[in-house]
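To start, the structure under review is shown below, and the notes come after it.
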Amino acid sequence: MSKNGNISSSVIKRLPRYYRFLGELEKQGVERISSRELSEKMKLTASQIRQDLNCFGGFGQQGYGYQVQSLREEIGHILGVDKAYSTILIGAGNLGKAIALHINFETRGCQLTGIFDANPRLTGETVGSLAIRHTDEIEEFCKAEHPVIAVLCIPKANTQAIADKLVGLGIRSFWNFSHYDLTIDHQGIEVENVHLGDSLLTLTYRTSHLKDSEEE
Ligand code: NAI
């Protein structure tokens with residue numbers, strides 16, 4: 001666990017990447033790795049890695065490096081992958097279906113338990129192992145199953161109202177894809193707004209600067 005319980009968001013944002021890299025090393029049969037080797041693979045400095053991992057009490061030993069499996073387990077534990085948070089997905093259109101089918105919720109501490117859409121024509125259609133339910137059923141479902149995470153894949157106009165309603169039904173965390181920067185004024189509610197287009201824009205920025213420097 002954290003040494004001081006107060007970890008910066010930039011460190012937290014790097015943890016999934018450590019977790020993924022360590023998983024790949026584990027698959028390759030690597031048992032231990034030095035911070036220098038890990039830094040070369042991850043394109044971070046060795047001191048950055050030591051600093052990051054020190055936030056959690058440090059897992060390495062001087063001259064020995066890090067034990068890949070136990071470090072990955074520790075980081076996974078910090079990230080909460082050993083949990084099984086009941087998760088619902090709202091909006092079973094193109095994006096919602098793709099997320100339901102292609103994101104492995106279970107290896108990320110979540111269990112997708114319900115998929116909802118306002119379009120009655122989608123009710124009963126199966127996505128993976130779940131049948132789409134009509135949004136009219138959300139309240140009853142939440143009372144029975146107590147989901148804590150909601151994935152929002154709906155048009156932005158509906159997002160705030162639906163999120164507010166879901167908070168009233170016990171949802172504590174939102175993975176929001178709806179092109180709307182969702183904010184919730186309740187304490188203890190977490191929101192992760194995802195904009196794939198922003199990631200593309202950082203690439204176009206870097207591409208245009210690369211071009212500028214070539215032209216100079
Ligand atoms: P889509 O039109 O295929 O699906 C939207 C679904 O939401 C439909 O099935 C519709 O019936 C349902 N819906 C609408 N209002 C609802 C409500 N109040 N409750 C429950 N379901 C409701 O659209 P698509 O392509 O799946 O995109 C969904 C949203 O995600 C859009 O707002 C889109 O702009 C956004 N998007 C965001 C991305 C990102 O990086 N954050 C990437 C791609 C799309």
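Summary table below
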{"read-out": "Conditions (1) on the phi < 0 side of the Ramachandran plot; (2) open to solvent by 20 Å² or more (accessible area, probe 1.4 Å); (3) of a type outside the set (Asp, Glu); (4) near the ligand (Cβ under 9 Å from one of its atoms): number failed by HIS179", "value": "(1)"}
{"read-out": "Boolean, ALA92 is part of a loop (DSSP other than H, G, I, E, B), surrounded by 17 or more Cβ atoms within 10 Å (Cβ to Cβ) and within 16 Å of the ligand (Cβ to nearest atom)", "value": "yes"}
{"read-out": "One residue from ILE49, ILE99, ILE75, ILE7 being surrounded by 13 or more Cβ atoms within 10 Å (Cβ to Cβ), touching a Phe, Trp or Tyr at 6+ places or on another chain (Cβ under 9 Å) and outside any helix (DSSP H, G or I)", "value": "ILE7"}
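The values are calculated or read from the model by the stated rules, or taken from the named source; none is laboratory data. Quantities reported herein were computed from a predicted structural model and do not represent experimental measurements. Because the Cβ atoms are built from the backbone with ideal geometry, glycine has one as well, and the counts that use them run over all protein chains shown. Ligands, DNA and RNA are excluded from the accessible area calculation, which covers all protein heavy atoms including side chains. Shrake-Rupley method; radii C 1.70, N 1.55, O 1.52, S 1.80 Å.
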